[in-house]
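Read the structure below first, then the notes.
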Amino acid sequence: MFSSSVVRFSPSLHLIKYSREARAVQRFRSGECYPRLMREELLAEILKLSPEERIQLVGDIWNSIPPEDHPPPSDALLKEIERRVARAEANPGSGIPWETAKAQLEKELEILTRK
């Protein structure tokens, strides 16, 4: 994650370098590294996009994050997954084929996009 161009024989130099990098990461996360005006201009440009374009942008940003950096699923999500798995296992024949589900979703999406 951090650069490894640290002199190996000096732990104090490593500590200084690490603390600088840690502060830089902290400043980046807090937004301090971008001038406020730049953040405001960027947000203003984003808000000019249509809702569909903003949703696509959010998806693109999310997809740029490696899976190992994703936050862990919430307890509520894990509970819901467990509930669905239990229901599917209790009623193995209750599902529908993927082709049928996909067709239904496409039909619903078509109806929603006409409005």
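Any read-out appearing in this document is the output of simple, stated calculations on the displayed coordinates, not a laboratory observation. What you see is a predicted model, and the numbers here were worked out from it, not measured in a lab. Quick reminder, even Gly has a Cβ in these numbers, built from the backbone with ideal geometry, and neighbours come from all protein chains shown.
Each of Glu89 and Trp62 was given a label point 7 Å from its Cα along the Cα-to-Cβ line. The distance between the two points is 2.8 nm. Positive end of the dipole of the stretch 73-115 (Cβ unit charges, origin at the Cα centre): among Ala90, Ala101, Ser74, the Cα lying farthest that way belongs to Ala101. Once the Cα-Cα distance is subtracted from the 0.36 nm per residue extended length, the Lys107 to Leu43 segment shows a gain of 19.6 nm. On the basis of the beta-carbon distance and an R0 of 30 Å, Ser50 and Ile81 show a calculated FRET efficiency of 0.35.
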